[in-house]
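To keep things clear, I will list the structure first and then write my remarks on it.
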């Protein structure tokens, strides 16, 4: 089997053992797609050496140092995620939309210059902003006919050697109580009611899973920045990220053959997971006006420390057997408290300012996903943290963007590539973003519009055990993000 241990740890635990905190959770909250104003998003977020946009509170807070006046911004957005999946002979497509606030905040600029010769400190800025760093709204449907095995085959392997009263209350015990798996008499081994042909060969089963996720990662940033001689700008941010994640998955199998032997007609497994928590981080940044036409920028983000994450979860299995019997069994309501440390980030950037006509900017971000860590007072997470180190790697995120002004109007465009977090090509995980936007600015008011399109793909494994393998489903995700910013200077 191809990379069985890796596949098990990454993909199965996320869908069928939803009560297990694992490397999938660590990656979900470590990968960021920082939101912001429509101007920021219009050039794909390549702003760390540009500045004078409130979104830089979450990327390079030195950007606040370029503000010459105080400002308030508000950015509503509409986000739509479309997913296509391919699994054996099946194709499915679905989508999920969400109205949200991508960014809102203000900057207060204080003039501290003691002389008019342009030397010394010129301005100090205080800022606050809320930014959306992740949007979890997505609906995925995967369906096809599996000719090789059933989820129950994997459940038999999970259950073998365990007394019925000690089975996992969130999966194998549910299958046992609904007569989908049965102990073989006088042993600790199990059989299941997956259908077979009359000659004993495996019969195909129709499989389908629907995964609905909702929620967000928002971050509130409190920043201070300063402008020294209109040459050096530096700043810092205290970030408070907030996680709200909800997932419901419905997995279903249908029998494709008729038989006098007692098999299942169908069974259905429902899983629910809710995660809530908050954390903190620090960001430090610097921008240097190297020449009148070139700026250099850099920033360091400490790891985000989530010390109070809480998972609530539950599962239910319902079965229908071909002898007319039907059963249903639910797990207890589970809960677990734990903490998470996400990776630190390093950013380097350069921008070229073409007088008052426009700009071109590029940004590089380095993040090592293998450095994330899970912790808890009641559990050591040794295996899960080792899986993070084994399965994930460092990634490079590259953003480029441009803006051109025509009187009161501006045109913007950008492109970004977020590198794959997976080691050894065990999955894809790379994401590409294309952006564009327009803007209109007066002395005390501006309005901007942006559109971001992203594409990514990855493999998803329905289940896996030591001796049971299943072909992966290919999931392609396309997102559309529409943003409108209203800004006021004072």
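The values are calculated or read from the model by the stated rules, or taken from the named source; none is laboratory data. Keep in mind the model is a prediction, meaning the values are calculated, not measured. Cβ sites come from the backbone with ideal geometry, for glycine too, and all protein chains shown count toward neighbours.
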Quiz item: Which ones in segment 231-246 are surrounded by fewer than 21 Cβ atoms within 10 Å (Cβ to Cβ) and touching a helix residue (DSSP H, G or I) at 6+ places or on another chain (Cβ under 9 Å)?
Solution: 232, 234, 236
Practice problem: Would you check if residue 258 is touching a residue at least 12 places away in the same chain (Cβ under 8 Å) and over 30 Å from residue 95 (Cβ atoms)? | Solution: yes
Quiz item: From the list 267, 280, which residue is modelled with pLDDT of 95 or more, in a strand (DSSP E or B) and more than 23 Å from residue 331 (Cα to Cα)?
Solution: 280
Quiz item: Which residues, counting only those in segment 119-137, are assigned to a loop (DSSP other than H, G, I, E, B) and farther than 14 Å from residue 65 by Cα?
Solution: 119, 136, 137
Quiz item: When you look at residue 148, is it in contact with a strand residue (DSSP E or B) (Cβ under 8 Å, 6 or more places away or on another chain) and closer than 30 Å to residue 464 by Cβ, yes or no?
Solution: yes
Quiz prompt | Residues of segment 338-354 satisfying the condition of being assigned to a strand (DSSP E or B) and surrounded by 15 or more Cβ atoms within 10 Å (Cβ to Cβ) | solution = 338, 339, 340, 341, 345, 347, 348, 349, 350, 351, 352, 353
Exercise. Check whether at least one residue in segment 172-181 is more than 30 Å from residue 121 (Cα to Cα), free of Cβ contacts under 8 Å to residues at least 40 places away in the same chain and more than 37 Å from the chain's Cα centre (by Cα), and report yes or no.
Key: no
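Being in contact with a helix residue (DSSP H, G or I) (Cβ under 8 Å, 6 or more places away or on another chain), surrounded by fewer than 21 Cβ atoms within 10 Å (Cβ to Cβ) and either assigned to a strand (DSSP E or B) or on the phi > 0 side of the Ramachandran plot (or both): is that true of residue 249 here?
Yes; evaluated as a whole, the condition is true for this residue.
Condition check: under 36 Å from the mean Cα position of the chain (by Cα) and at positive phi. Does residue 236 satisfy that?
On the way: under 36 Å from the mean Cα position of the chain (by Cα): yes; at positive phi: no.
In short, no.
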Quiz item: For segment 310-320, does any single residue satisfy the condition of being at pLDDT 95 or above, under 20 Å from residue 136 (Cβ atoms) and surrounded by fewer than 16 Cβ atoms within 10 Å (Cβ to Cβ)?
Solution: yes
Self-check item: Qualifying positions in segment 182-230 - free of Cβ contacts under 8 Å to residues at least 60 places away in the same chain, assigned to a strand (DSSP E or B) and out of contact with any helix residue (DSSP H, G or I) (no Cβ under 8 Å at 6 or more places or on another chain)
Solution: 202
Quiz item: Is it true that some residue in segment 87-97 is modelled with pLDDT of 95 or more, assigned to a strand (DSSP E or B), crowded, with 23+ Cβ neighbours inside 10 Å and touching a strand residue (DSSP E or B) at 6+ places or on another chain (Cβ under 6 Å)?
Solution: yes
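Could you tell me how many of the residues in segment 37-73 are on the phi < 0 side of the Ramachandran plot and either modelled with pLDDT under 95 or surrounded by fewer than 24 Cβ atoms within 10 Å (Cβ to Cβ) (or both)? Outline the logic, then answer.
Taking segment 37-73 first, the residues on the phi < 0 side of the Ramachandran plot are 37-43, 46-50, 53-73.
Those left that are additionally either modelled with pLDDT under 95 or surrounded by fewer than 24 Cβ atoms within 10 Å (Cβ to Cβ) (or both): 66-72.
Counting residues in segment 37-73 that are on the phi < 0 side of the Ramachandran plot and either modelled with pLDDT under 95 or surrounded by fewer than 24 Cβ atoms within 10 Å (Cβ to Cβ) (or both) gives 7.
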